[in-house]
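*Asks:* Pasting a structure here, questions to come.
Readers should treat all values here as calculations from the given coordinates under stated rules, not as data from a laboratory. As the structure is a computational prediction, the values presented were derived from the model and not from experiment. Backbone-built Cβ (ideal geometry, glycine too); neighbour counts: all protein chains shown.
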Amino acid sequence: MLPNSSPFSPDQRTALDSLLAEFDALQRGWLSGFLASSGAPAAVQSAPAVAGKLTVLYGTESGNSEELADRAIKVAKKKGFKAVMKNMADLAPADLAKFENLLVIVSTWGDGEAPETAVGFHKAFMAEDVKLDGVKFSVCALGDTSYEQFCEIGKQVDERLEKLGAQRIAPRVDCDVDYEDSYTEWFDVVIKELAPTAVSAPSVIAQAVAPGGVDFGKKNPFPSEVFDNVLLNGEGSAKETVHVELSLEGSGMNYEPGDSLAVLPTNCPAMIKDVLNAVKLKGTEEIEVKGAGQKHLADALREDFDITALSKAVLKKLAAATGSAALAELLEDGAKEKLRAYIDGREIVDALIDFAPDGLSAEALAGIFRKLPIRLYSIASSPLAHPDEVHLTVAAVRYETHGRKRKGVCSTFLTDVAKAGDNVPIFVQPNKNFRLPADSNTAIIMVGPGTGIAPFRSFVEHRAAVGAEGKSWLLFGDQHYTYDFLYQLEWQDYLKDGQLTKLDLAFSRDQPEKVYVQDRMLEKGEELYAWLEEGAHFYVCGDANRMAADVHEALISVVKNYGAKSREQAEEYVDALKKSKRYQRDVY
């Protein structure tokens, strides 16, 4: 079986031929995949037979869809496919007609919105009439069941592909924030449908490898020691913003400016107590937790389950567990507005009190929860300025609704619980769609009110460390100059040293009329447009609901007014900035 040209002696060839002759196709395929994944030299890797062409198209907001697309490509290649991955941002709908087999992995951002980088493609794809008769497809949709329009973009793309004549390989799968099992099942089905005899190969999951040989990443978060936890707001502020410094020493993890840090929090004791009281349980009951085995209920509520976010999916499970007629009525198709009004401002504990007055068993209670999701925070440090460290800028979320005090699970975990010396489970989430220009001489404009300042601290630190000569302009805003000027001394030092060229501030509550960063953009519109015309990159980070939309509108107005353009021309100009990656947003 081995040719004379193979890098083995005659005796070795005879011995290997004898062994290989006894193996069936599956065993030889497994051995080939094993050697390939173990880093064996290319000369001894058996090249799998080509199973066909495969394109994996992704649309991503935080990087999860891109990560899954990359994993799919690596496995598909080992199974014999000529596989490539494509970003929706780089394609036009007509390009899809060229693809033989198409897998789409796309996330839904917020409540039914397309990912930032896929907005243009999605809009065009839903409008244009493209013939896709020769395309086979399947869709993996990523979403969050806490939103009403769960996986909406994936659903729309799936329906549109079918309407345009493409043939479905396998049914769409809709994945919640804990997507691993759903994605794996979907991909296995798709590959078997496309190439039933394809060689089986190990799946690929990206992890950081620490010097000691331990893998840290999504599957195994790194227990990071908290170095420091400092309140940034002055006394008298209505806000509570904390600077958190965490250790990366020994993790093997690296990051770039613009990346995010994933934090796995625990639920607070008060919320666990309230949930247990609502269903008349003690917490000492034993339950089975997927992936963790037997646990006391209280421990599972603290470490494993999302016990706060109320959604239609949770209420459906609660209705099945309780048989509540009132809840069943609320979930009827004709009661959507009543359901939306009920969910608004409430948490799971409220629904337990309202619809499970007789309590629940430990198993029934656990059955209504989903897995406790990670939280992503924009990194506020440069690895060049702070080796083996990563910094965050965290706003503690606290409010009151329906007569009950509420607080953010992860923000208050980081501000109240994670003190110096404690360990916090983390991993790095790359964000390739929010990057500094490759050329450090390129000018940058950064708009980051509130905690949106975080990645720009990273940007400026990094550019200072590499000696970048490109101009930099920061527009920052918050409520009060005296209390809420986050990292004030650092920005003033950067200005003094020339590492920050311009700083414009908007403190909304320091004068009778409210002033925001978008107002400063309009005031400085002529200069802002001049920077853009010189090639500056434009960045926005912070609140997506209002700020990001207002800044976007202000940017269009600036281009229109100072570029002597019509509204349509200004919009085209801004769209071109996005397509060339000169306009990037990290909004939440």
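*Asks:* At Glu469 and Val214, where each label point lies 7 Å from the Cα along Cα→Cβ, what is the point-to-point distance in nanometres?
*Replies:* Simple spin-label model gives 4.5 nm for this pair.
*Asks:* Follow-up. Which one, Val157, Met521, Gly291, is farthest towards the positive end of the dipole of the chain when Lys and Arg carry +1 and Asp and Glu -1 on their Cβ?
*Replies:* With unit charges placed on the Cβ atoms, the residue in question is Val157.
*Asks:* Along the positive direction of the dipole of the chain (beta-carbon charges: Lys, Arg +1; Asp, Glu -1; about the Cα centre), which of Ile353, Leu103, Ala364 reaches farthest?
*Replies:* Farthest along the dipole direction, towards plus: Leu103.
*Asks:* Convex hull over the alpha-carbon atoms of segment 331-386: what's its volume per residue in Å³?
*Replies:* Working: hull volume 9.6 nm³, N = 56.
Dividing the Cα hull volume of segment 331-386 by its residues yields 171 Å³.
*Asks:* Quick one: putting +1 on the C-beta of Lys and Arg, -1 on the C-beta of Asp and Glu, what dipole do you get for the chain around its Cα centre, in Debye to the nearest 20?
*Replies:* Working: 65 positive and 88 negative charges, 219 e Å.
The dipole magnitude comes to about 1060 debye.
*Asks:* While we're here: For the chain, what does the helix formula give at 222 nm: sum of -39500 (n - 2.57) over DSSP H segments with n ≥ 4, over the residue count, nearest 500 deg cm²/dmol?
*Replies:* Numbers: 21 runs with 210 residues, N = 588.
After summing the helix terms and dividing by the residues of the chain, the value is -10500 deg cm²/dmol.
*Asks:* At q = 0.06, 0.12 Å⁻¹, what is the log10 ratio I(q)/I(0) for the chain, with the Debye formula run over Cα points and no solvent?
*Replies:* At q = 0.06, 0.12 Å⁻¹ the computed log10 ratios are -0.37, -1.39.
*Asks:* Farthest toward the dipole's positive end in the chain, which of Ala420, Val119, Ser381, given Cβ charges of +1 (Lys, Arg) and -1 (Asp, Glu) about the Cα centre?
*Replies:* Looking along the dipole axis, the top candidate is Val119.
*Asks:* Sticking with the crude label model, points 7 Å out along Cα→Cβ, report the distance from Gln167 to Glu523 in nm, one decimal please.
*Replies:* Modelled inter-label distance: 6.3 nm.
*Asks:* For Asp493 and Lys565, FRET efficiency with R0 = 35 Å and r from the beta-carbon atoms, rounded to 0.05? Write out the running numbers ahead of the final one.
*Replies:* Numbers: r = 38 Å, r/R0 = 1.10.
E between Lys565 and Asp493, to the nearest 0.05, is 0.35.
*Asks:* Hey, another quick one. Report the per residue volume, in Å³, of the convex hull enclosing the C-alpha atoms of segment 269-368. Could you put the intermediate results ahead of the total?
*Replies:* Values: hull volume 8.8 nm³, N = 100.
Taking only Cα atoms, segment 269-368 has a hull volume of 88 Å³ per residue.
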